[in-house]
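Trainee: Attaching a single structure in structure tokens format; questions to follow.
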Amino acid sequence: MLRSSFNHDWTRTRPRDERAAAAVGGRCQTQRVSTIPLESLVERLTGAPGRDDRLTHLEVLPPRAARTCAWPEWAHPAVVEAWQRVGVPLPWEHQAEAATLAHDGQHTVISTGTASGKSLGYLLPGLSAILEARGPKGQRGAAVLYLSPTKALAQDQLAAVRRLAVPDLRAATHDGDSSPEEREWTRDHAEYVLTNPDMLHRSLLPGHERWSRFFSALRYVVIDECHHYRGVFGAHVAQVIRRLRRVAALYGAARRLTGLPVVAVTDDASPRGRVALALWEPPFVSHAGEHGAPVRRSVTAELADLLTDLVVDRVRTLAFVRSRKGAEAVALGARRLLAEVDPVLADSVAAYRGGYLPEERRALEQALRSGRLIGLAATNALELGIDVSGLDAVLLGGFPGTRAALWQQVGRAGRTGGDALGVMVARDDPLDTYLVNHPEALFGRPVEATVFDPDNPYVLGPHLCAAAAESPLTEEGLDLFGPGARSAVEALTAAGLLRRRPHGWYWTDRRRASDLADIRSSGGAPVRLVEEDTGRVLGTVDHASSHGTAHAGAVYLHQGESYLVHELDLEESVAIVSRADVDYSTSAREITDITIVGERLHEAWGPARLSFGSVRVTHQVVSYLKRRVPSGEVLGEHPLDLPERTLETAAVWWTLPDDVLDDCGLDVADLPGAAHAAEHAAIGLLPLFATCDRWDIGGVSTARHADTGQLTVFVHDGHPGGAGFSERGFHTAADWLEATRDAIDSCGCADGCPSCVQSPKCGNQNNPLDKAGAVRLLDLLLSGVPTA
């Protein structure tokens with residue numbers, strides 16, 4: 001059974017200039033610390049001094065009444081009684097529908113709103129099966145395997161299962177924190193096992209013979225937060241699930257796990273109050289950006305102000321921030337502002353992020369639930385299903401990447417059925433700027449399809465090796481792994497990793513086959529930053545980004561203190577640093593080359609050509625700049641001697657011939673800057689169409705590319721073999737590039753800024769860039785789009 005959270009039944013779109021008070025009316029029904037009506041709360045946020053025109057749009061989600069039904073007749077009485085004890089007298093209709101589908105053997109996906117009780121949909125059939133199949137002495141007769149993308153969510157779900165107090169239920173987590181004794185007990189006795197794809201890949205499947213009694217009893221598999229599995233991670237998890245289906249078949253559980261079609265349950269019958277979602281754009285505050293570009297007020301500063309105002313009004317608020325550093329900055333900023341108003345209130349705000357000890361996280365969650373904390377600034381560690389109820393408002397520090405994630409975060413407010421407020425504050429980047437000024441791109445649309453490519457050979461090959469180690473691959477079994485499996489097996493055999501025998505292919509290498517697949521795609525061992533004098537490890541950076549952030553001479557910030565990198569040893573994955581007070585920052589300059597390996601798809605757009613295919617991308621960090629803080633003045637450029645990095649991946653690209661460019665009014669000297677600006681903006685907008693982050697993709701642009709002989713703009717996946725993002729870009733190119741053009745043209749800056757064409761990841765220091773030229777190029781390209 002699959003579970004995913006989102007909500008998209010929004011009402012009509014409001015005019016952008018309509019004020020908040022006209023959009024909402026009536027009093028909130030939530031049991032809240034604050035008793036301020038929702039419309040007054042929005043007025044107070046928008047009416048504060050200096051906040052004119054920051055609210056670009058307000059959308060209102062209407063209330064919804066609950067629809068309940070009788071408990072299914074097949075449900076075990078002890079399980080029904082357990083739910084009734086915790087305050088669920090009757091299930092909502094969608095819960096009973098999903099539970100009955102699963103009980104009847106249908107593969108089911110539950111896709112309803114946050115806090116709509118999706119857990120009951122899978123716990124009711126799972127726990128009923130466990131109790132019904134128990135032996136006379138309590139022997140395990142049926143088992144449930146629950147998969148979560150994070151350990152924290154699995155622990156939260158375990159606590160929820162235990163609160164039900166189902167008689168003698170044996171439930172346990174199996175993760176990296178479990179002791180050997182706990183793992184052994186889970187394997188031999190647990191009926192309800194909560195784990196994650198990593199442990200399934202590295203522990204349960206390779207050791208399936210030790211888990212044979214569990215797999216023999218397996219009745220249900222629950223894949224929680226399934227919309228989280230996207231990109232390369234999603235492709236890896238898809239292959240892990242295919243391996244799970246093979247292993248289950250070995251122990252007689254195939255009938256329940258090998259079917260691919262699913263029945264979707266999407267009609268949410270849970271009650272909900274009104275939700276007002278505001279789109280908020282911080283103002284320009286200076287021209288201190290790169291090349292004198294205008295800079296908007298930072299999203300962390302804006303969130304700190306809004307969080308302060310809400311806490312002063314005793315509105316229980318959760319602020320989602322993209323980074324750990326940002327969460328700490330928002331909480332610290334709010335506490336400082338609150339200390340000026342009421343020192344007691346300053347203690348009611350905290351940060352919540354990854355990296356805290358488990359007991360620290362649990363204490364913060366409990367403080368928020370109890371009301372001792374009124375405001376919390378959190379990373380998405382709190383996003384994935386962890387139950388924090390009773391909130392009145394949610395602040396979002398930028399678009400969270402997908403509409404599904406947006407609805408999930410906004411759904412944290414109003415969890416007790418009362419009215420709620422959400423505010424999405426735009427970051428200074430093209431996608432956020434586009435969305436707050438084009439609300440139709442968010443509202444009234446279904447959530448996006450998850451993008452991943454399980455046939456990526458860099459993903460498929462290692463999992464075929466792991467599958468062969470678990471049980472020999474057979475001809476008839478290859479279809480399970482997709483159309484590319486046969487050619488992949490032949491390549492692996494030729495490379496000596498698999499050996500063909502009369503009854504199939506066998507893994508014969510001495511290594512653990514599961515070690516070949518890095519399902520989180522970390523890209524190699526992380527580089528440790530080690531303090532020279534003490535040997536203390538300050539932190540880590542991923543291997544790929546170490547070239548640009550941990551090179552010799554780089555300034556590295558750790559908990560507000562600056563360190564200077566003296567040496568980067570890539571073979572040992574170590575960077576040696578020492579404490580240094582410097583008045584400058586460093587930024588790497590990178591050169592990138594791209595070669596077309598092969599074109600797979602193409603379309604003619606008039607004289608232009610849109611293509612998708614395989615490319616080889618070569619990166620090399622060649623120098624770094626020292627910039628004075630805070631002015632940004634360049635103090636000097638220093639050469640570096642770092643190796644090239646090569647990436648074989650997938651890309652979408654478009655070309656324009658010289659004769660067409662001659663007629664568009666752009667000088668030849670302006671073409672590189674125009675193409676570069678269009679590339680940056682296109683990278684910024686692709687996440688709206690391909691469920692990726694801008695850091696998952698890259699780009700190259702040139703006025704004349706060696707392989708095409710024409711002006712060419714590439715956007716490529718940032719993972720070996722591709723991740724499906726650029727392919728989605730090819731198939732949605734007309735809408736994607738139209739949105740890119742509109743984002744550039746509607747930006748209020750004169751010559752380009754981080755909200756339209758400047759990129760924080762540009763290896764050429766955002767030079768050259770031509771904002772107006774980019775609009776002309778995109779107009780020319782889009783004029784050739786075929787009509788339907």
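The values are calculated or read from the model by the stated rules, or taken from the named source; none is laboratory data. Just so you know, these numbers come straight off a predicted model, no measurement behind them. Note that each Cβ is placed from the backbone with ideal geometry, even for glycine, and that neighbours are counted across all protein chains shown. We work out accessible area using only protein heavy atoms, side chains counted, and drop any ligands, DNA or RNA first. Shrake-Rupley method; radii C 1.70, N 1.55, O 1.52, S 1.80 Å.
Trainee: Using a simple spin-label model with points 7 Å from Cα along the Cα→Cβ vector, what separation in nm is obtained for Arg336 and Asn767?
Mentor: 3.2
Trainee: If I ignore ligands, DNA and RNA and count only protein heavy atoms, how much of Arg316 is accessible to a 1.4 Å probe, in Å² to the nearest 10?
Mentor: Near enough 20 Å² of accessible area.
Trainee: Can you tell which of Ala152, Tyr192, Val166 lies farthest toward the positive end of the dipole of the stretch 143-199, using +1 and -1 charges on the Cβ of basic and acidic side chains (Lys, Arg; Asp, Glu)?
Mentor: The Cα lying farthest towards the positive end belongs to Val166.
Trainee: So for the pair Leu557, Asp52, with labels modelled 7 Å out along Cα→Cβ, what separation do we get in nm?
Mentor: With each label placed 7 Å out from Cα toward Cβ, I get 3.3 nm.
Trainee: Report the calculated FRET efficiency for Ala750 and Asp581 (r = Cβ-Cβ distance, R0 = 30 Å), to the nearest 0.05. Could the numbers behind the result be given before it?
Mentor: Values: r = 37 Å, r/R0 = 1.23.
It comes out at approximately 0.20.
Trainee: Express in nm, to one decimal, how much length is gained between Val262 and Gln366 on full extension, taking 0.36 nm for each residue of separation and deducting their alpha carbon distance.
Mentor: This chain segment gains 33.8 nm when fully extended.
Trainee: Ok, one more. Along the charge dipole of the chain, Cβ charges K/R +1 and D/E -1, which of Ala70, Ala469, Val555 sits furthest on the positive end?
Mentor: Ala70
Trainee: Around Asp188, under 14 Å between beta carbons, what's the net of Lys plus Arg minus Asp minus Glu among the other residues?
Mentor: +1
Trainee: Another question, if that's okay. Please give the charge dipole size of the chain, origin at the Cα centre, charges +1 on K and R Cβ atoms and -1 on D and E Cβ atoms. Round to the nearest 20 debye.
Mentor: Value, rounded to 20: 2980 debye.
Trainee: Ranking request for peptides 700-706, 308-314, 568-574: highest mean number of other beta-carbon atoms within 10 Å first, then the rest in descending order.
Mentor: Details: 700-706: 18.6, 308-314: 21.4, 568-574: 14.1.
For the peptides 700-706, 308-314, 568-574, the packing ranking is 308-314, 700-706, 568-574.
Trainee: Moving on to the next point. Under 17 Å Cα-Cα from Lys151, which aspartates and glutamates qualify once same-chain neighbours fewer than 8 residues away are excluded?
Mentor: Hits, sequence-local ones excluded: Asp175, Asp177, Glu182, Asp198, Asp224, Glu225, Glu359, Glu360, Glu365, Glu383, Asp387.
Trainee: Can I ask one more? Accessible area per residue of the chain at 1.4 Å probe, in Å²? Let's see the in-between values first.
Mentor: Details: 32010 Å² over 788 residues.
Normalised by residue count, the accessible surface of the chain is 41 Å².
Trainee: I'd like the FRET efficiency for Ala66 and Asp735, computed as 1/(1 + (r/R0)^6) with the beta carbon distance as r and R0 of 51 Å, rounded to 0.05.
Mentor: Working: r = 37 Å, r/R0 = 0.73.
For Ala66 and Asp735, the calculated efficiency is 0.85.
Trainee: Right, another one. So, counting K/R as plus one and D/E as minus one, what does the shell of residues with Cβ under 12 Å around Leu685 add up to?
Mentor: Taking every Cβ under 12 Å from that of Leu685, the sum is -4.
Trainee: Going toward the positive end of the dipole of the chain, with +1 on Lys and Arg Cβ and -1 on Asp and Glu Cβ, which of Pro49, Trp736, Gly371 do you reach last?
Mentor: Gly371
Trainee: In addition: Mean separation of Cα pairs under 8 Å and 6+ residues apart, divided by the residue count of the stretch 696-753: what relative contact order is that in percent?
Mentor: Numbers: 42 pairs, mean separation 13.0, N = 58.
Rounded, it is 22 percent for the stretch 696-753.
Trainee: Report relative contact order for the chain in percent, whole number only (criteria: Cα-Cα under 8 Å, sequence separation at least 6).
Mentor: Contact order relative to length: 12 percent.
Trainee: Now for a separate question. Considering only protein heavy atoms and a 1.4 Å probe, what is the carbon-and-sulfur percentage of the accessible area of the stretch 435-571?
Mentor: After summing per-atom areas, the C and S share lands at 50 percent.
Trainee: Contour minus end-to-end for Arg500 and Asp667, with contour as 0.36 nm per residue of separation and end-to-end as the Cα-Cα distance?
Mentor: 54.0 nm
Trainee: Next question, about the same structure. Over the stretch 640-738, what is the relative contact order in whole percent, taking alpha-carbon pairs under 8 Å and six or more residues apart?
Mentor: On the way: 144 pairs, mean separation 38.4, N = 99.
Relative contact order, the stretch 640-738: 39 percent.
Trainee: Right, another one. With every protein chain left in place, what is the accessible area of Arg694 in Å² (1.4 Å probe, nearest 10)?
Mentor: 20
Trainee: Dipole magnitude of the stretch 643-718 about its Cα centre, charges +1 at Lys/Arg Cβ and -1 at Asp/Glu Cβ only, in debye to the nearest 20?
Mentor: 260
Trainee: Principal axes first, then extents: for the Cα atoms of the chain, list largest minus smallest coordinate on each axis, whole Å, largest first.
Mentor: So the three principal-axis extents are 84, 73, 67 Å.
Trainee: About the Cα centre of the stretch 418-464, what is the dipole size in debye to 20, counting +1 per Lys and Arg Cβ and -1 per Asp and Glu Cβ, all else neutral?
Mentor: 60
Trainee: So how much slack lies between Asp509 and Ser323, counting 0.36 nm per residue of separation and subtracting their Cα-Cα distance, in nm?
Mentor: Extending this stretch completely gives an extra 62.9 nm.
Trainee: Would you please give the FRET efficiency between Ala160 and Thr646, computed as 1/(1 + (r/R0)^6) with r the Cβ-Cβ distance and R0 = 56 Å, to the nearest 0.05?
Mentor: 0.75
Trainee: In addition: How much of the accessible area of the stretch 587-627, in percent, comes from carbon and sulfur atoms when a 1.4 Å probe is used?
Mentor: 48
Trainee: Accessible area, 1.4 Å probe, largest first: how do Val530, Val263 sort?
Mentor: Heavy-atom accessible area, descending, gives Val263, Val530.
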